[in-house]
């Protein structure tokens, strides 16, 4: 099966959030179904010269995804996964074999979310779809509302060429946004760790009341910390989330008003700065003592960018 377990540069607080996602997903997906036999998604699986299907393509829905990727299905379902098409192919002139997986995530944002959870800033990125990255024997890429994963076995020195040709064939069939989510542009460029941006649909930083969260890592002025933006439903919703966020830390740490927002201290997340901006909540976390100035610069950049939206 052409998948790998979720890997992320985010802290344990986010991993705790993923654990909550797992519990929510399992409780919402108690019925297991057999793979469906017919789907329009299978039409996106290309047939290239010298490659033949090793078996009939299969599809999986949210109820049956556990049958295919039992160790990672919960994360996909947390992003409102819709359907997966899987094709296995054999190369006619060699022993090479390939598995192709096309995940329909329903929206480009949710597709970016699961893609961003599995890439690394240090991944070897290539130009396919919106963005793709190569690993040993595999190619994963984002295109529109789809997350595509390819894995080649026994491809020898032609492995990368096989992956690129199949990837390009699939990407050519996909219509949709040709860029990352627009809200990522709110993160100030100075100090931003390239390709560290994430989108978490639920339980952002481990809090059930924080949804639609965007995050990024920073290295600035000798400091390393994280920044985030929460996309609320309304101005009132953003204010309510801010109060709930501050109240949570007031129980065990220190939370004090700072303008319209708060300065918070926490044993794990260190110094936290958070502020509302219209229908958004933004902030920085994991600022070490003495590094508040660097975090403040990023926060002000976020406030200015979000204020223009």
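The values are calculated or read from the model by the stated rules, or taken from the named source; none is laboratory data. From a predicted model like this one, the values you see are computed outputs, not experimental measurements. Quick reminder, even Gly has a Cβ in these numbers, built from the backbone with ideal geometry, and neighbours come from all protein chains shown.
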Exercise for the section: State whether the residues of the stretch 117-124 include one that is in the same structural domain as residue 272 (by TED's automatic domain parsing), assigned to a strand (DSSP E or B) and on the phi < 0 side of the Ramachandran plot. Expected result: no
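Got a sec? Which of 139, 109 is in contact (Cβ under 8 Å) with a residue 40 or more places away in the chain and in the same structural domain as residue 59 (by TED's automatic domain parsing)?
Values: 139 fails: in contact (Cβ under 8 Å) with a residue 40 or more places away in the chain.
Exactly one residue qualifies, and that residue is 109.
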Handout entry: Scope the stretch 281-301; condition in contact with a helix residue (DSSP H, G or I) (Cβ under 9 Å, 6 or more places away or on another chain) and crowded, with 23+ Cβ neighbours inside 10 Å; matching residues
Key = 281, 282, 283, 284, 287
Practice task
Working only within the stretch 74-94, note down all residues that are out of contact with any helix residue (DSSP H, G or I) (no Cβ under 6 Å at 6 or more places or on another chain) and farther than 21 Å from residue 57 by Cβ.
Solution key: 75, 93, 94
Handout entry: Failed condition for residue 127, given (1) more than 13 Å from the chain's Cα centre (by Cα); (2) outside the structural domain of residue 301 (by TED's automatic domain parsing); (3) touching a residue at least 24 places away in the same chain (Cβ under 8 Å)
Key = (3)
Exercise for the section: Tell me, yes or no, whether the stretch 239-254 has at least one residue that is assigned to a strand (DSSP E or B), out of contact with any helix residue (DSSP H, G or I) (no Cβ under 7 Å at 6 or more places or on another chain) and farther than 26 Å from residue 182 by Cα. Expected result: yes
Handout entry: Residues of the stretch 282-309 satisfying the condition of being farther than 20 Å from residue 238 by Cβ, touching a residue at least 24 places away in the same chain (Cβ under 8 Å) and in a loop (DSSP other than H, G, I, E, B)
Key = 288, 291
Handout entry: Test: residue 216 is surrounded by fewer than 19 Cβ atoms within 10 Å (Cβ to Cβ), within 25 Å of residue 142 (Cβ to Cβ) and free of Cβ contacts under 8 Å to residues at least 60 places away in the same chain
Key = no
Fill in the blank from the handout: The residue from 49, 63, 54 that alone is under 23 Å from residue 171 (Cα atoms), out of contact with any strand residue (DSSP E or B) (no Cβ under 6 Å at 6 or more places or on another chain) and surrounded by fewer than 22 Cβ atoms within 10 Å (Cβ to Cβ) is 49
Practice task
Just need a number here: residues in the stretch 142-160 that are surrounded by fewer than 23 Cβ atoms within 10 Å (Cβ to Cβ), farther than 26 Å from residue 199 by Cα and touching a residue at least 12 places away in the same chain (Cβ under 8 Å).
Solution key: 7
Practice task
Output yes when any residue across the stretch 198-211 is closer than 17 Å to residue 184 by Cα, surrounded by fewer than 19 Cβ atoms within 10 Å (Cβ to Cβ) and without any contact (Cβ under 8 Å) to a residue 40 or more places away in the chain, and no when none is.
Solution key: yes
Handout entry: Number of positions in the stretch 84-110 that are surrounded by fewer than 20 Cβ atoms within 10 Å (Cβ to Cβ) and under 19 Å from residue 175 (Cα atoms)
Key = 2
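Here is a yes/no grid of residues against (1) modelled with pLDDT under 95; (2) within 21 Å of the chain's Cα centre (by Cα); (3) part of a loop (DSSP other than H, G, I, E, B):
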position	(1), (2), (3)
70	yes, yes, yes
77	no, yes, no
80	no, yes, yes
93	yes, no, yes
103	no, yes, no
110	no, yes, no
Exercise for the section: Could you tell me whether the stretch 250-262 includes any residue that is in contact with a strand residue (DSSP E or B) (Cβ under 6 Å, 6 or more places away or on another chain) and either assigned by TED's automatic domain parsing to the domain that holds residue 114 or within 30 Å of residue 77 (Cβ to Cβ) (or both)? Expected result: no
Problem - Exclusive hit being buried (at least 17 other Cβ atoms within 10 Å of the Cβ), within 17 Å of the chain's Cα centre (by Cα), over 19 Å from residue 76 (Cα atoms) and at pLDDT 95 or above, set 184, 139, 163 - result: 184
Practice task
Inspect all residues belonging to the stretch 6-16 and state whether any of them is closer than 22 Å to residue 137 by Cβ, at pLDDT 90 or above and not in a helix (DSSP H, G or I).
Solution key: no
